[in-house]
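Contents: one structure, followed by commentary.
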Amino acid sequence: MKIAILSRSRSLYSTRRLREAGKARGHKMLVVDPLRCYMNIATLHPTVHYNGKPLDDLDAIIPRIGASITFYGTAVVRQFEMMGVYSLNESVAISRSRDKLRSLQLLARRGVGLPVTGFASSPDDTHDLLSLVGGAPVVVKLLEGTQGKGVVLAETRAAADSVIDAFRGLAADFLVQKFVKEASGSDIRCFVIGGRVVAAIQRNALEGEFRSNLHRGGSAKLVRITREERTAAVRAARAIGLNVAGVDILRSGQGPLVIEVNSSPGLEGIEQTTGIDIAQLVVEHIESHAQAGRTRTKGKG
């Protein structure tokens, strides 16, 4: 098969591992910068061009679309879908995952456990919004934030008022969530492929920090997840429509609570912690599912 990895850099760990895994299984692997792609849209024969040549003979693509290029990156993925190329994660599902509010609404509609979450526009509603989620402490999250950026813990109502006022002053959209104290600065990253959790790790925040993202200096260790946690991760990925997803879960007194579903989960932390060849499992999934024209969007919303 001829498979293209849509990535800004071939030196990134995840991109490199996927390329290695595909080559090891006999596939021709390309690394294609999505921002360098250009498209012929208004035609009966849609095409994607790269470096002056059409990419018209691909069997599958692996989108590794960063949050900062979601708009153009998903447009490129859609174009490949129009051409009948199999996409590991489809454009609509990627867009859903990047819109935190939309993704939480989809998860809630499917009955997936979530932290109590509020969203409002008017500053006149701040007091009632905080009461809606149970009062301080709360976590305020920018809708466009990634890797723990734009996430602030407000431990008192006064602090929450101040953070919310600051975000509103920047005309930024944000969510307010009840802080899950019993999680103790840890979360569970479940890696889902094809409706199955293939690996899981516990990520722990640095001392004095509540964000457990590895990019922010957090640590990771092996963890045994419960059947309830496994089910929550699979249901969350399915609700968004993702074939491959990193589902982040908090352990709470009310059971597992999903806080995010990532459409381009990194491989480095989970491969090095678990010793599982995630990249190979991704390629095997493509081998089983890549068929010309197989790009039907999953789910609704």
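Test residue 90 against the stated conditions and say whether it is among the acidic types (Asp, Glu), at pLDDT below 85, surrounded by 16 or more Cβ atoms within 10 Å (Cβ to Cβ) and within 24 Å of the chain's Cα centre (by Cα).
no
Across the range 110-127, which residue is modelled with the highest pLDDT among those that are among the β-branched types (Val, Ile, Thr) and not in a helix (DSSP H, G or I)? Spell out the reasoning first.
If we filter the range 110-127 for residues that are among the β-branched types (Val, Ile, Thr), which is where we start, we get 112, 116-117, 126.
Cutting the leftovers down to not in a helix (DSSP H, G or I) gives us 112, 116-117.
Details: 112: 96, 116: 90, 117: 90.
Filtering the range 110-127 for residues that are among the β-branched types (Val, Ile, Thr) and not in a helix (DSSP H, G or I), the one modelled with the highest pLDDT comes out as 112.
Name every residue in the range 272-286 that is in contact with a Lys or Arg (Cβ under 7 Å, 6 or more places away or on another chain) and closer than 22 Å to residue 3 by Cα, in order of residue number.
Residues of the range 272-286 that are in contact with a Lys or Arg (Cβ under 7 Å, 6 or more places away or on another chain), as a first pass: 273, 279, 283.
279, 283 - these are the residues of the range 272-286 that are in contact with a Lys or Arg (Cβ under 7 Å, 6 or more places away or on another chain) and closer than 22 Å to residue 3 by Cα.
Please find, within the range 98-108, the residue that is nearest to residue 282 (Cα to Cα) out of those that are in contact with a helix residue (DSSP H, G or I) (Cβ under 8 Å, 6 or more places away or on another chain) and at pLDDT below 95. So that I can check it myself, show each step before the final result.
The initial filter retains those residues of the range 98-108 that are in contact with a helix residue (DSSP H, G or I) (Cβ under 8 Å, 6 or more places away or on another chain), namely 98, 102-103, 106-107.
Next cut, at pLDDT below 95 only: 98, 102-103.
Values: 98: 21, 102: 26, 103: 23 Å.
Only one residue fits best here, namely 98.
Does residue 7 fit the bill of being under 16 Å from residue 61 (Cα atoms) and either surrounded by fewer than 19 Cβ atoms within 10 Å (Cβ to Cβ) or assigned by TED's automatic domain parsing to the domain that holds residue 76 (or both)?
Yes; evaluated as a whole, the condition is true for this residue.
Give the residue, chosen from 116, 133, 140, that is in contact with a Lys or Arg (Cβ under 8 Å, 6 or more places away or on another chain), within 27 Å of residue 235 (Cα to Cα) and buried (at least 19 other Cβ atoms within 10 Å of the Cβ).
Residue meeting the stated conditions: 133.
Being surrounded by fewer than 21 Cβ atoms within 10 Å (Cβ to Cβ) and touching a residue at least 40 places away in the same chain (Cβ under 8 Å) is the filter here; which residues of the range 38-57 pass it?
39, 57
So if I check each of 148, 134, which one is assigned to a loop (DSSP other than H, G, I, E, B) and modelled with pLDDT of 80 or more? Explain how you work it out, then say what you get.
On the way: 148 fails: modelled with pLDDT of 80 or more.
When all the criteria are applied, what remains is 134.
The values are calculated or read from the model by the stated rules, or taken from the named source; none is laboratory data. Keep in mind that what you see is a predicted model, and the values were worked out from it rather than measured. Note: ideal-geometry Cβ built from the backbone for every residue, glycine included; neighbour counts use all protein chains shown.
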